[in-house]
Amino acid sequence: MGQNYRKTSFIGQVFGANRHFFVPFLLFTALFFTLLGIYGNAKFFLFVNRHYSNFADFFFVYLTNLGDGIIAALLIILLLWISFRDALTFLIITLLITIIVNLLKDHIFPELNRPVAYFGSSEILHLIPGYTPPELSTFPSGHTATAFSVGLYISMLIKNRYLKLLLFVMAFWVGYSRMYISAHFPADVVAGALIGVFTTLICYYLSSLVKSSWVDQRIKYIPRIFVKQQTL
């Protein structure tokens, strides 16, 4: 009983402290599932893909890179100055997401193609000049999973509610960009978001159970470039 209460209390505390991330995330998930149920995966995708502009082409083809693994790697390095616990936790999160996404893409749903291969003709799609979207292994979206895991983990480390909301918005637009640039279907995006969020929450909880003074230490060295120089 006491253990169940502690788990509920922990989840409640995390949700309450990060409601400016979780509330829009739940609304986003509900909206995506509703639209998927009404229009289906392909029709929903085409609606997003056919609303484009020159500015959006430029914006989304670069914004989508925020879901690259290099962003997660940079966060892991920066977390070493927060605590070894956070750095190790997010390293495990990143490895698990990579394993889960690749397992689903390559071994469980390898027959699911991306939009370009699915529709069989690029004439149906809006393709961004200079960008060639991949054709195979569409489900789920690894970029979206990474974006939501990075956004949520940073959200749990900061207190500013507006920054928490901004982190969700950025993760959402990364997911949207995957549809806009014809890299993924809506189902891939919402699945990636769920994988990113739940993997992060589970690992964050398990990390909190580890009691060790070592993992709560951090790198204290500050590179000289960041040290304020004294003037004579």
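A short reminder: the numbers here are calculations on the coordinates, not readings from a lab. Quick caveat, the model's predicted, so the values are computed rather than measured. Cβ placement follows ideal geometry from the backbone for every residue including glycine, while neighbour counts extend to all protein chains displayed.
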Requested in this report: Treat each spin label as a single point 7 Å out from the Cα along the C-beta direction, and report the THR132 to HIS51 distance in nm.
Outcome: 3.1 nm
Requested in this report: Arrange the following residues from fewest to most other Cβ atoms within 10 Å of their Cβ: ASP106, ASP57, ASP68, ASP86.
Outcome: ASP106, ASP68, ASP57, ASP86
Query - Ranked list, fewest to most other Cβ atoms within 10 Å of each Cβ, for MET179, MET170 - result: MET170, MET179
Requested in this report: Go through the stretch 14-122 and name the chymotrypsin sites (Phe, Trp or Tyr not before Pro) that are in a DSSP coil and have 10 or fewer other Cβ atoms within 10 Å of their Cβ.
Outcome: none
Query - Computed over the chain: relative contact order in percent, which uses C-alpha pairs under 8 Å that are six or more apart - result: 30 percent
Report task. Would you kindly state how much longer the chain becomes between ASP106 and ILE82 on full extension, computed as 0.36 nm times their sequence separation minus their alpha carbon distance, in nm to one decimal? Result -> 5.1 nm
Query - Within the stretch 130-186, chymotrypsin sites (Phe, Trp or Tyr not before Pro) in DSSP loop having at most 16 other beta-carbon neighbours inside 10 Å - result: TYR131
Report task. Rank these for me by crowding, SER212, SER155, SER149, going from fewest to most other beta carbons within 10 Å. Result -> SER212, SER155, SER149
Query - Dimensions (Å) - the chain, Cα atoms, principal axes, largest first - result: 63, 61, 34
**Report entry** Full-stretch length increase - PHE33, LEU74 - with 0.36 nm per residue and alpha-carbon distance subtracted
**Finding:** 11.6 nm
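To two decimal places, what compactness ratio does the stretch 1-80 give when its Cα radius of gyration is scaled by 2.2 N^0.38 Å?
Normalised by 2.2 N^0.38 Å, the Cα Rg of the stretch 1-80 equals 1.61.
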